[in-house]
1. Check every DSSP H run in chain A and write down those whose alpha carbon atoms cover 27 angstrom or more along the long axis and whose mean Kyte-Doolittle hydropathy is -0.5 or greater.
2. Enumerate the lysines that B:LYS43 could reach by cross-link, defined here as Cα to Cα under 20 Å, with residues fewer than 8 away along the same chain left out.
3. Mind giving me the nanometre distance, one decimal, between the label points for B:GLU2 and A:HIS12, set 7 Å out from Cα along Cα→Cβ?
4. List the GluC sites (Glu not before Pro) within the range B:1-99 that DSSP assigns to loop and that have no more than 10 neighbouring Cβ atoms inside 10 Å.
5. Using the count of nearby Cβ atoms within 10 Å as a rough guide to exposure, how do A:LEU72, B:LEU267 rank from fewest to most?
6. Arranged by the count of other C-beta atoms within 10 angstrom, fewest first, what order do A:CYS59, B:CYS108 take?
7. Cysteines of chain A lacking any other cysteine beta carbon under 4.7 Å?
8. How far is the Cα center of the range B:29-83 from the Cα center of the range B:315-390, in Å?
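Read the figures in this text as sums done on the coordinates, not as results from a lab. As the structure is a computational prediction, the values presented were derived from the model and not from experiment. Virtual Cβ from ideal backbone geometry, glycine too; neighbours counted across all protein chains shown.
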Amino acid sequence: MYSEKVMDHFEHPRNVGEIENASGVGTVGNAKCGDIMRIYLDIDENQVIRDCKFKTFGCGAAVATSSMATELVKGKTVKEALKVTNKAVMEALDGLPPVKVHCSLLAEEGIHAALWDYAEKNGISIEGLSKPKSDISEDEEEEEY
Amino acid sequence: MEHIIYLDNAATTRTAPEVVQAMLPYFTEFYGNASSIYRLGDKSLGAVTKARDKIAASIGADASEIYFTAGGSEADNWALKAAAEAYKEKGRHIITSKIEHHAVLHTCEYLEKLGYEVTYLDVDEDGLISPQELKAAIRPDTILISIMFANNEIGTIEPIEEIGKIAHEHSVLFHTDAVQAFGQIPIDVDRLNIDMLSASAHKLNGPKGIGFLYIRKGVKIRSFIHGGAQERKRRAGTENVTGIVGFAKAVELSMESMEERTKREALLRDYLIARIEKEIPFSRLNGHRSLRLPNNVNFCFRFIEGESLLIKLDMQGICASSGSACTSGSLDPSHVLLAIGLEHEIAHGSLRLTLGAETTKEELDTTVEALKEIVENLRSMSPLYEDFLA
């Protein structure tokens, strides 16, 4: 059902954990649907993502997309990180079964939510970033997938 | 393949070698059509007749009341759709429960589209329906009660004798999906006032693709498959002779071994339940503690999701199943777990382990050790657990 890459990232997820005093934290998803992702970003003064960690409650694809998304944004600037779409995450994982595409959307959303938190904390606006919709700390009942 | 620990016997079972042996000659040697006139055909007919007798006897039925189908789902579809059609003059109301198999639930939904009314009985936290609620739901236009014998996910055994009595007293047909119970619990259709019963061979070490519907004499049920004269003209199509022979062998073996086997399995089941409850924190047993199939164990582990758990178990060669959304192909977790009142979040973390005659205590020990490690690992990466600890 899953590609080797997905299985690899599920079995050996990269960047699991928390970042203390993170520059930005985003939690997306909904326990009702069975997926919650929390992304932590450590961003330096040049807006470069120094470190990225995640915690995920969800299926194999949810864990693998979180893992891959954190890998893809690490070392990138905030602006570049915004361009990491769900498609990029999926491609990097050699694809996902159709029913699991929403997991990759959640990963993209998770990064955006963490960036949004970072922007708010620092009173800046990031071009092209709109307020993430499925931040469960905002709306427990959101059901978008 | 590496050694696997197979704990998904409610999904399907290993075909018993004796069953395979019994079937083999009917593929290559006695391959005649049971409807043919020559002796080769007669050989097949004889095998089907013998098998039908044996299966009928196992539930206290007459051979003429057993209709072979391609499995449990077909039997459920037939019972509901045909009863609805045959009794529509009397009424268009059907009573079932919220925890039925989808073969019953989706058929009921289909019948609703055709204008039938369906009452879906609630269950309590253990998964039991209430006979009082059933009684109260019966109306003059109620034509059928369909309640499963035992639940496939949580293993709860319904009060079938009481249900049968109520149905009989109110002259309402009673169908039961006994796919999980047949072979594990003694069934007597007369004593239990069962009018129709669905069963499937592959749940009791028989082959896949063969089941039966028991239809009590006198119940007017139409043909389900139109065509030839097979199955008393009610279910056309050349008999699945090999399947039927295999089914009968599986029934013979399972009836012989039932008492001893289920006693052993229930002990192992309780051992597994006790170990998980004691050794894995934030776990919850689903289903009734004693009114329970001897081979069923079903737990929810808080803060984790079922599919992840299954994949990690599989990596260690352990086969199990879950009622999480990811395994149900929808966004909602199992309807059964929701019906017993579990929160979505908790229902997503369910695990079903179903034992078989070949399951050993060592295998269960290995499974518990694996589970402990996996649950801890998944919790360590769960934001829900992080929030809980905070």
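1. A:101-122
2. B:LYS54, B:LYS249
3. Placing both labels 7 Å beyond Cα along the Cβ direction yields 1.6 nm.
4. Those satisfying the criteria are B:GLU2, B:GLU29, B:GLU89.
5. Going from sparsest to densest Cβ surroundings: B:LEU267, A:LEU72.
6. Least crowded to most crowded, the residues run B:CYS108, A:CYS59.
7. A:CYS33, A:CYS52, A:CYS103
8. Taking the Cα centre of the range B:315-390 as reference, the centre of the range B:29-83 is 39 Å away.
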